[in-house]
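This report refers to the structure that appears directly beneath it.
Please treat every number below as a calculation from the coordinates, not as lab data. Since this is a predicted model, take the numbers as computed values, not measurements. Every residue, glycine among them, receives a Cβ derived from its backbone with ideal geometry; neighbour counts consider all protein chains shown.
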Amino acid sequence: MPRQLVIDSYTSLDDVQNTALNCAKCGLCSTRTHVVFADGNPKAKLMIIGEGPGQKEDQTGIPFVGRAGQLLNKILESGRIDRLTETYICTVVKCRPPENRVPSKEEATACRPYLEAQIQFVKPKLILLAGATAVQHLLNVKDPISRIRGKWFDIKNDARVMPVFHPSYLLRNPSREVGSPKWLMWQDIKEVRRTLDLLNNA
Ligand code: SF4
């Protein structure tokens with residue numbers, strides 16, 4: 001997708017949001033309650049991209065507010081990362097897939113220009129891809145998260161991109177033992193905090 005073309009279609013991030021709020025480009029528009037555009041700080045250096053809204057997100061219009069979102073908040077807090085001021089959080093698709101199914105390739109492709117525009121207007125330095133759907137759509141790789149998590153990839157504009165476990169996966173794997181998914185997430189968040197500090201002090 002030609003990136004310049006995407007951002008040239010909008011005058012601002014608000015413009016992107018207003019367009020998305022009225023979007024009917026895929027079938028998910030027919031079952032949604034709210035379009036879930038983003039949360040956090042549009043000037044943040046850190047962007048977190050998840051899969052799509054769940055039930056709570058659909059009800060509230062805010063990403064990551066259900067159980068997985070609450071765990072994400074704890075993970076961020078444990079890494080001394082302030083969700084409101086230091087992150088901009090969004091998802092691959094902005095409308096809830098029924099029964100929380102994985103969004104189809106067609107749905108993700110239809111929604112992609114909004115995500116590309118969000119990346120171009122926010123200009124994050126670091127992007128966390130939470131879970132397989134975000135990784136597959138943005139990195140175009142099918143490797144298991146367990147194999148590629150915690151590594152920085154240099155592919156999105158000026159941003160470094162890191163795959164991490166989705167919080168909902170961590171809810172299903174609550175062990176904190178050394179080497180467990182939660183423990184690995186803790187290592188990844190410490191690396192994100194360290195890199196943010198380097199960027200802030202540069
Ligand atoms: S998921 Fe994206 S493309 Fe589909 S209707 Fe919602 S905003 Fe539009």
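Quick look at the values:
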quantity	calculated
Cα-only Debye scattering, segment 3-201: base-10 log of I(q)/I(0) at q = 0.15 Å⁻¹	-0.88
Degrees between helix 181-201 axis and first principal axis of the chain (Cα, 0 to 90, nearest 10)	80 degrees
Acute angle (nearest 10 degrees) that the helix 105-122 long axis makes with the longest principal axis of the chain, alpha-carbon atoms	70 degrees
Helical contribution to [θ] at 222 nm, DSSP H n ≥ 4, -39,500 (n - 2.57), averaged over the chain, rounded to 500	-13000 deg cm²/dmol
Excluding exposed DSSP-loop trypsin sites (Lys or Arg not before Pro) (at most 14 other C-beta within 10 Å), longest clean stretch of the chain	1-42
The chain: angle of helix 67-78 to the longest principal axis, Cα-based, in degrees nearest 10	50 degrees
Segment 36-149, Cα convex hull volume normalised per residue, Å³	102 Å³
5 angstrom amide H check on I127, placed H, neighbours 5+ away	M47, R160, V161, M162
Lysines with Cα under 16 Å of K45, excluding same-chain neighbours fewer than 8 positions away	K123, K125, K156, K190
Subset of K25/K151; K43/K94; K74/K142; K105/K182; K43/K105 violating a 22 Å alpha-carbon distance limit	K25/K151; K74/K142; K105/K182; K43/K105
Cα gyration tensor category, rounded, prolate or oblate, for segment 118-190 with a/c compared to 1.5	prolate
Computed magnitude of the charge dipole of the chain (debye, nearest 20; Cβ of K, R +1, Cβ of D, E -1)	500 debye
